[in-house]
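Notes follow once the structure below has been shown.
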Amino acid sequence: MDVADIPGVPDWLPDYLRADGIESLYPPQAEAVTAGVTEGENLVASVPTASGKTLVAELAMLSHVGEGSGTALYIVPLRALASEKAAEFEAFESYGVDVGVSTGNYESSGEWLSDSDIVVATSEKVDSLVRNDAAWIDDLSCVVTDEVHLVDDGERGPTLEVTLAKLRQLNPGLQTVALSATIGNADELADWLDAELVDSEWRPIELRKGVHYGQALHLEDGSQQELRVHDGESETAAVVRDTLADDGSTLVFVNSRRNAEAAARRLATTTRDALDEEERTRLAEVAADIRDVSDTETSEDLADAVADGAAFHHAGLAADHRSLVEDAFRDRLIKTVCATPTLAAGVNTPSRRVVVRDWRRYDGSTGGMAPLSVLEVHQMMGRAGRPGLDPYGEAVLLANNHDELDELFERYVWADPEPVRSKLAAEPALRTHLLATVASGFASSRGGLLEFLERTLYAAQTAERDRLEGVTDDVLTYLERNEFLTREAQSASERSSDGDQLQATGLGHTVSRLYLDPMSAAEIIDGLRDADDRPSALGLYHLVARTPDMYELYLRSGDDEEYTMLAYEREEDFLGAMLSEFEEGRFEDWLAALKTARLLEDWASEIEEDEITDRYGVGPGDIRGKVETAQWLLGAAESLAGELGLDCVPAIREARTRVEHGVRAELVDLAGVRGVGRKRARRLYDAGIRTRADLREADKAVVLGALRGREKTAENVLENAGRQDPSMDGIDPADVAGVEDTAAGSDAAEGPAGTADSEDQSSLGDF
Ligand code: ADP
C-alpha cells in the first residue's frame, strides 16, 4: 500500500513518511490500515520485533489529531522508554502535534497534559492518573499499548490489564490499539479488546535462527556454516570475530549485569584488533563522554570497554550511559554490546548477529536457574539484521554438547512462543487494584466489583469464575480489616453478599491516590503508630524498605552476619516490632530491608557514590532507583502520618529531603537550591554559607571560590537562590579551604548517576 493511500490521516503525512524513506507500507502495516486502524477500529497487531509496529501506532494516533478530537495515549512498558518514544513522536511537532510525557510523581494529576495531542506514559502512571481523577483522561479518544504481551508479567501485567479495562469503561468510544510481539494466542487478546486482529510472521529482513556447536553454525533450514573457535577463545568471541570479518556487529544477551560487564571486558580484546585509526579516535571521544556521566567504577569500566569497541548495557547504567552506548552501536563504532534483556525490550538497536549466550537465569522463586521463555528468546533474536544494511540477520544460541544442540533446537529454534495468560488473580495484584477500583468509583458494591472484573483479560480467559470470586472476598476482608474500606449490607432484607455496599475510607482514598500497595500502607501505618515524635532516619528508611513497594537488595554471603550485628546495634531505631532471628525467611527479608536502609542512610550522610556502589555491589542506576522509591514512599508516609494526626511529620520530611538530595540535615536547605546538589552544598557550607538566604547575601568571591571558580555555575546558583545581581563579572575566587582546583571537575555527578528520571521506578524487569 502506497503511503498516499492511507485514509483518515493528516494531509502532510505521506510527504513526511517519504522524507523518512518510507514509500509504501510493510504488509502487516497495510493489513492494519485495511482493518481500519486509521478509521477508529480497535486493533491487536501481533508482529515480529522490528517489523514496523511503531508506525502502526503512529497512524492510529495521528488519525485522531486535529480539530475537536481528543488526546491519544501511548502506553510504554518501561519508564526508560517513555522519553525515547516521546522523542520519536516529537518529530510531528513541526506539524502542530503536541507531545507530552507523563513521568514523575504518582500523585499528581498532570492537568497540563490536557493540551497535548499525544501523551506517552507507563501503565503505572496512567493507572495513577485515573486514581487521581485526571479530567483529561475522560477526553481520550485513542489508546495504544506497546508490548501488550506483558500482561503476562506477574508483577506489572495486572496494572496494564486493569488500566485498559478502566479506560475502556470511562470512554465507551475509545479506540484501543494493542501491539504485541508474536505470540500464540493473539486472537484471545483481540477478543478481550473487541478488536480486529493482524497476526503476522512477516519481517522486513530475513531472520535465520540457529545454534553454534563445535566448529559450525547449525541453521534452522538444516544447513551448516563453518565457524571455527580458536584455541583459548570462547564461542561468543568466535562469533563476534567472525562477524567482524564481514564488517558486522554482534549483540550478546547474557543473564546478569555482572556477566554483561565481564563479557564486555573479555570481548574488548577481540574487537580492539578490528578498529581502524579513525574509529579509535571517535571511540576515545565516546569513552570520555561516558566518564563525564558519573564518577563510578561502572562508568570507568564502561568507558574502558568502549574505547576498545565493546560495551555492556543493563538497567544499572544511568540513562545517559545507555544512550551513548546505543548511539555508538547504531553508528557502527561499538562492535559488540553485551546486554541483559532490557535492551530487547523496545530499544531499536539492530545488529547483524545476535548471540543469546545465556538461556537460563536465576529464578528467585525456586532458588535455581530457570530457562527463559520462548517469547523472550525470540524477542532477543528478533534484533538481528539491519534492514537496508544487511542481507539477512542471524541469531544463535550456543551449545556445549550434542544433546544441548538438540535441546536448543527443540526448545527455542523450532518452538512457538507461549500463550499470554492474565496474572490478575494473584492476591497482591488484586489488593491494590480492588481498593483503587472502589476508591475511584468504578464499583461501589461487591457485585459491581465482580462486574468490573468481567472486563479484564482474566475473565475472558478463565473458566474458573469461582477462583476470582474467592480471592476477591479474601482481599475485601483484608482491606476492611485494615480500615481501607467499609462493607455494609444495603438493608436487612437484601443481606445477600452480592448486595454488599463498598466504600473507601479516607485512609483508603489516600492509599489509592498515593499509589501504594495497601500492604505497604498497612506496614507504614503500623510502624508510624509505634514511633515517637522523632523517629530516626534509619528507622524510617527501614520502615519503607520493608514494604512490598521497595524492590529488594539481595543479601550476599557474609551479609547475614553483618546486618544481624547492625540490627542489634541499632535496635532503638526500628519502628514496629523487631523480628526474631528464629523466624526463618521473614528475618532474611527484614535484614535485606536493613541493607537497603543503610544504603539510603549512607547516601543521606554524603558518602561518595562510588563507595556506595562498592559497599553494596550495585550500579549507580540502582542508587537512583532506591532513592526515588524511598522519596516516593516517605512522601506517602508523610501524607499518611498527616491523615492520622501523628506528630512525626517533620521528622519524616527531613528524612525524605535528606535522601532526595543525598545530604546530612544541615545541608537540606542549600541542596534544595537548583544547580547546587550534594557536593557543592558541602563546599559552600564549609565556606560558611549555610542557607539559601546566606547565598543571597554572601561575598561573591567566597561563593566563586567554593564553586571552584566556575563563573557560570556560580551565577546560576545565585540566580536560583533569588539573588538580585548574580553576575560574577570581575570577581576573583577567594581561597576556600578544602576546595582543590580540578579543571576536569569531578562534580559532574551531583545526583546519583547524575541524571533525573532515567530509571524505571521499581520492578526493573532486569536482574
Ligand atoms: P518494532 O516497533 O516493530 O520493533 P520499529 O517500529 O522500530 O519496529 O521499526 C523498525 C524500523 O523499520 C524503523 O527504523 C522504521 O523506521 C522502519 N520502518 C517502519 N515501517 C517502514 C516502512 N513501511 N518502510 C520502510 N521502513 C520502515
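The values are calculated or read from the model by the stated rules, or taken from the named source; none is laboratory data. What you see is a predicted model; the values in this text were computed from it and never measured. Cβ: placed from backbone, ideal geometry, glycine included. Neighbour counts: every protein chain shown.
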Within the range 204-229, residues acidic (Asp, Glu) and assigned to a loop (DSSP other than H, G, I, E, B) come out as Glu206, Glu220, Asp221
Output for Cβ contacts, cut-off 7 Å, separation at least six or different chains, first residue within 12 Å of Val198 (Cβ to Cβ) in the range 19-34, second within 6 Å of the ligand (Cβ to nearest atom) and assigned to a helix (DSSP H, G or I), reads Gln29/Leu55
For the range 393-406, pairs from a residue that is within 25 Å of Glu206 (Cα to Cα) to a residue that is in a helix (DSSP H, G or I), with Cβ under 6 Å and 6 or more apart or across chains, are Ala395/Met381; Leu397/Leu408; Leu398/Glu235; Ala399/Leu405; Ala399/Leu408
Apart from one, (1) assigned by TED's automatic domain parsing to the domain that holds Thr477; (2) in contact with a Lys or Arg (Cβ under 6 Å, 6 or more places away or on another chain) all hold for Pro371; the odd one out is (1)
Among residues of the range 732-755 being surrounded by 18 or more Cβ atoms within 10 Å (Cβ to Cβ) and over 39 Å from the mean Cα position of the chain (by Cα), the residue modelled with the lowest pLDDT is Val736
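Is at least one residue of the range 430-442 in contact (Cβ under 8 Å) with a residue 12 or more places away in the chain and over 25 Å from Thr510 (Cβ atoms)?
no
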Of the listed residues (Leu333, Leu267, Leu283), the one being among the hydrophobic types (A, V, I, L, M, F, W, C), in contact with a Lys or Arg (Cβ under 6 Å, 6 or more places away or on another chain), touching a residue at least 24 places away in the same chain (Cβ under 8 Å) and surrounded by 17 or more Cβ atoms within 10 Å (Cβ to Cβ) is Leu333
Picked from the range 59-97 (must be closer than 15 Å to Glu39 by Cα and of a type in the set (S, T, N, Q)), the residue surrounded by the most Cβ atoms within 10 Å (Cβ to Cβ) is Ser63
Considering residues that are in a loop (DSSP other than H, G, I, E, B) and more than 12 Å from the ligand (Cβ to nearest atom), the number found within the range 31-54 is 8
Residue count, the range 18-30, condition surrounded by 16 or more Cβ atoms within 10 Å (Cβ to Cβ), near the ligand (Cβ under 8 Å from one of its atoms) and not in a loop (DSSP other than H, G, I, E, B), comes to 1
Counting only helices (runs of 4 or more DSSP H) wholly inside the range 345-448, the ones holding at least 3 residues that are out of contact with any helix residue (DSSP H, G or I) (no Cβ under 7 Å at 6 or more places or on another chain) and modelled with pLDDT of 90 or more are 402-408
Looking across the range 182-238 at residues that are closer than 16 Å to Val413 by Cα and within 16 Å of the ligand (Cβ to nearest atom), the single one that is modelled with the lowest pLDDT is Thr182
In the set Gly8, Gly66, Gly100, the lone residue that is under 29 Å from the mean Cα position of the chain (by Cα) and either part of a loop (DSSP other than H, G, I, E, B) or away from the ligand (no atom under 15 Å from the Cβ) (or both) is Gly100
Going through (1) assigned to a helix (DSSP H, G or I); (2) aliphatic (A, V, I, L, M); (3) within 12 Å of the ligand (Cβ to nearest atom) one by one, Met61 fails only at (3)
Of the conditions (1) in contact with a Gly (Cβ under 9 Å, 6 or more places away or on another chain); (2) in a helix (DSSP H, G or I); (3) near the ligand (Cβ under 10 Å from one of its atoms); (4) in contact (Cβ under 8 Å) with a residue 60 or more places away in the chain, the single one that Glu84 does not satisfy is (3)
Practice item. Within the range 388-405, identify whether any single residue is within 20 Å of Asp152 (Cβ to Cβ) and either more than 16 Å from the ligand (Cβ to nearest atom) or of a type in the set (A, V, I, L, M, F, W, C) (or both), and answer yes or no. Key: no
Filtering the range 324-344 down to residues that are within 16 Å of the ligand (Cβ to nearest atom), farther than 17 Å from Gly385 by Cβ and modelled with pLDDT under 90 yields Pro341, Thr342
When Gln503 is run through (1) closer than 26 Å to Arg586 by Cβ; (2) touching a Ser or Thr at 6+ places or on another chain (Cβ under 9 Å); (3) not in a helix (DSSP H, G or I), the failure sits at (1)
Among helices (runs of 4 or more DSSP H) entirely within the range 544-629, at least 2 residues that are more than 22 Å from the chain's Cα centre (by Cα) and without any contact (Cβ under 8 Å) to a residue 12 or more places away in the chain occur in 559-569, 586-603
